[in-house]
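Data block below; observations after.
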Amino acid sequence: MTKIALPVAQNKLCLHFGHSEGFLVFEVEPEKKKILKEEYFPAPPHEPGLLPRWLSEKGVKVVITGGMGSRAQDFFREFGIEVLLGASATEPRKLVQDYLEGKLELGENVCDH
């Protein structure tokens, strides 16, 4: 089992990781390419370095997002969380399923800081 987190706003992927309303955390079974559970968490107060620790405590191993600054990416790596950048602002469940099936399309990191 693996947990994947996506920042969301108005039921779609939020392109800027640190500006989301909350996070959808999907528990998945990669071998079977199956989503087992989906849970929503409101975003905690904005504080540098908080999100990697917070998501790590929830068991998250992968983050899919549109954009994230390089320093934030380093924080996530320190917590053993893989960051996938350049995802489109679409329905989160579809992004996770595409990831599981090996067909997630990623573009440019939309964050420049």
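The values are calculated or read from the model by the stated rules, or taken from the named source; none is laboratory data. Because the structure is predicted, anything quoted here is derived from the model rather than measured. Glycine gets a Cβ as well: all are built from the backbone with ideal geometry, and neighbour counts include every protein chain shown.
Residues are listed down the side, and each one gets a yes or a no for (1) in a strand (DSSP E or B); (2) modelled with pLDDT under 95; (3) within 14 Å of Phe79 (Cα to Cα); (4) among the acidic types (Asp, Glu):
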{"position": "Leu6", "(1), (2), (3), (4)": "yes, no, no, no"}
{"position": "Phe23", "(1), (2), (3), (4)": "yes, no, no, no"}
{"position": "Phe26", "(1), (2), (3), (4)": "yes, no, no, no"}
{"position": "Ile35", "(1), (2), (3), (4)": "yes, no, no, no"}
{"position": "Glu39", "(1), (2), (3), (4)": "yes, no, no, yes"}
{"position": "Pro45", "(1), (2), (3), (4)": "no, yes, no, no"}
{"position": "Leu55", "(1), (2), (3), (4)": "no, no, yes, no"}
{"position": "Val62", "(1), (2), (3), (4)": "yes, no, yes, no"}
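Residues that are over 12 Å from Pro92 (Cα atoms) and not in a strand (DSSP E or B) within segment 8-21 comprise Phe17, Gly18, His19, Ser20, Glu21, listed in sequence order. Does segment 79-86 contain any residue that is in a loop (DSSP other than H, G, I, E, B), over 10 Å from the mean Cα position of the chain (by Cα) and either in contact (Cβ under 8 Å) with a residue 60 or more places away in the chain or crowded, with 16+ Cβ neighbours inside 10 Å (or both)? Checking segment 79-86: at least one residue is in a loop (DSSP other than H, G, I, E, B), over 10 Å from the mean Cα position of the chain (by Cα) and either in contact (Cβ under 8 Å) with a residue 60 or more places away in the chain or crowded, with 16+ Cβ neighbours inside 10 Å (or both). Taken over segment 44-73, residues that are at positive phi and either out of contact with any Lys or Arg (no Cβ under 7 Å at 6 or more places or on another chain) or surrounded by 18 or more Cβ atoms within 10 Å (Cβ to Cβ) (or both) amount to 1. For Asp98, the test of being surrounded by fewer than 18 Cβ atoms within 10 Å (Cβ to Cβ), among the acidic types (Asp, Glu) and modelled with pLDDT under 95 is failed. Confirm whether Leu24 is free of Cβ contacts under 8 Å to residues at least 60 places away in the same chain and either among the hydrophobic types (A, V, I, L, M, F, W, C) or on the phi > 0 side of the Ramachandran plot (or both). So Leu24 does not fit the description; no. Do we find that Leu104 is free of Cβ contacts under 8 Å to residues at least 24 places away in the same chain and either surrounded by 16 or more Cβ atoms within 10 Å (Cβ to Cβ) or on the phi < 0 side of the Ramachandran plot (or both) in this structure? Criteria not met by Leu104.
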